[in-house]
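Asker: This structure is in structure tokens; I'll ask about it shortly.
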Amino acid sequence: MNLAESWVEDVPSAPVGAAFHDEAEEVDEVDEEKDGCGGVGWQQYVLAKHGTSNKMLHELAREIRGVERCRGKRLTHAQYKAIFDRWEAASRPFLRTGNDYFTEFLAKLDCVTVPKGETLKAAYERAKLKSPPAIILMHPNKDVHLFASLCRELKEMAGDQPFMLCQLSVAKLLFGHSHHRNVSNWIKVLKTLGLLKVAEQWKQGRSARYFYVEQASQIGCQ
């Protein structure tokens, strides 16, 4: 999946931000201002071969969103431009002449559903600690309960954006199933019960995206 979009990555979540600043942190902030990139490590996403700009720009966008989540605030437009300019200059040997990569970069920022540092596994671990949505308790399968809780956590991670569900990754990495068929059926269950709404259908090379729908009965039971 893209999580670029890879749900396979398992990076621990970064703390949301300290309650105070010490002198060392203030020096770091000054350095970030001088760099103009807000502390984003763009270098690891510089192209090393042709045909990789789409993937690397997406990964760069996830990196930026991860830094923003850690800082607790968005970077400025000037910082976005500074990051892109440095990336473009370093990647130039592998870029196509005349292609509008800056538009692609900004579009990728808008499409990030899981910033760096947030993973499917982390959402799964959080879901196990919380009560399932009330409406799903009518179903006898405990795995379906957990899957519904997982979708709710993915919704929290994605904010207003739809989240992706790579059925094979969920099946194998989280539930230990050898096939995605069970997860496919669980999705249908949640759609039937009104917990999931399709935002974008599956297509070749791109997993389907969903909105998690909070039920009025759930809100009343929390």
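Asker: Restricting attention to the stretch 141-154, does a residue exist that is among the aliphatic types (A, V, I, L, M) and in contact with a Leu (Cβ under 7 Å, 6 or more places away or on another chain)? First the steps, then the outcome.
Answerer: Taking the stretch 141-154 first, the residues among the aliphatic types (A, V, I, L, M) are 144, 146, 148, 150, 154.
From what's left, in contact with a Leu (Cβ under 7 Å, 6 or more places away or on another chain): 148.
Yes, some residue in the stretch 141-154 is among the aliphatic types (A, V, I, L, M) and in contact with a Leu (Cβ under 7 Å, 6 or more places away or on another chain).
Asker: Oh, and also: Give the residues of the stretch 159-188 that are in contact with a strand residue (DSSP E or B) (Cβ under 9 Å, 6 or more places away or on another chain) and of a type in the set (A, V, I, L, M), sorted by residue number.
Answerer: Correct list: M164, L165, I187.
Asker: Mind counting the residues in the stretch 89-120 that are charged (D, E, K, R), in contact with a helix residue (DSSP H, G or I) (Cβ under 9 Å, 6 or more places away or on another chain) and over 20 Å from Q161 (Cβ atoms)? Reasoning before the result, please.
Answerer: Residues of the stretch 89-120 charged (D, E, K, R): 92, 96, 100, 104, 108, 110, 116, 118.
Among the residues that remain, those that are also in contact with a helix residue (DSSP H, G or I) (Cβ under 9 Å, 6 or more places away or on another chain) are: 96, 104, 108, 110, 116, 118.
Narrowing the set further to residues that are over 20 Å from Q161 (Cβ atoms) leaves 96.
Residues meeting the conditions: 1.
Asker: Scanning the stretch 142-156 for residues that are closer than 17 Å to S207 by Cα and either over 20 Å from the mean Cα position of the chain (by Cα) or aliphatic (A, V, I, L, M) (or both), which turns out modelled with the lowest pLDDT?
Answerer: Ranking the candidates gives L154 first.
Asker: Here's another thing I want to ask about it. Provide a single number: the residues in the stretch 91-126 that are in contact with a Leu (Cβ under 8 Å, 6 or more places away or on another chain) and modelled with pLDDT of 95 or more.
Answerer: 7
Asker: Show the residue pairs that are 6+ apart or on different chains and have beta-carbon atoms under 6 Å apart, the first residue being within the stretch 123-150 and in a loop (DSSP other than H, G, I, E, B), the second being modelled with pLDDT of 95 or more.
Answerer: Every condition considered, the pairs that remain are K130/S149; P132/H145; P132/A148; P132/S149; P133/A148.
Asker: Would you mind finding the one in S169, S184, S178 that is of a type in the set (S, T, Y) and within 17 Å of the chain's Cα centre (by Cα)?
Answerer: Numbers: S184 fails: within 17 Å of the chain's Cα centre (by Cα); S178 fails: within 17 Å of the chain's Cα centre (by Cα).
The conditions single out S169.
Asker: Residue check: is E153 in contact with a helix residue (DSSP H, G or I) (Cβ under 7 Å, 6 or more places away or on another chain), in the same structural domain as V46 (by TED's automatic domain parsing) and surrounded by 15 or more Cβ atoms within 10 Å (Cβ to Cβ)?
Answerer: Details: in contact with a helix residue (DSSP H, G or I) (Cβ under 7 Å, 6 or more places away or on another chain): yes; in the same structural domain as V46 (by TED's automatic domain parsing): no; surrounded by 15 or more Cβ atoms within 10 Å (Cβ to Cβ): yes.
Spelling it out, it is not the case that E153 is in contact with a helix residue (DSSP H, G or I) (Cβ under 7 Å, 6 or more places away or on another chain), in the same structural domain as V46 (by TED's automatic domain parsing) and surrounded by 15 or more Cβ atoms within 10 Å (Cβ to Cβ).
Asker: I'd like the residue in the stretch 23-75 that is modelled with pLDDT under 90, among the hydrophobic types (A, V, I, L, M, F, W, C) and surrounded by 14 or more Cβ atoms within 10 Å (Cβ to Cβ) and, out of all such residues, is farthest from F105 (Cα to Cα).
Answerer: C70
Asker: Which one of the conditions (1) at pLDDT below 90; (2) more than 13 Å from M164 (Cα to Cα) does A208 fail to meet, given that it meets all the rest?
Answerer: With (1) at pLDDT below 90; (2) more than 13 Å from M164 (Cα to Cα) applied to A208, the lone miss is (2).
Asker: Here is a further query. Would you be able to say whether some residue in the stretch 71-90 is small (G, A, S) and under 17 Å from the mean Cα position of the chain (by Cα)?
Answerer: Step one: of the stretch 71-90, the residues small (G, A, S) are 72, 78, 82, 89-90.
Those left that are additionally under 17 Å from the mean Cα position of the chain (by Cα): 72.
The answer is yes, given that some residue of the stretch 71-90 is small (G, A, S) and under 17 Å from the mean Cα position of the chain (by Cα).
The values are calculated or read from the model by the stated rules, or taken from the named source; none is laboratory data. All values derive from a computational prediction rather than experimental measurement. Methodologically, a virtual Cβ is constructed for each residue, glycine included, from the backbone with ideal geometry; neighbour enumeration extends over all protein chains shown.
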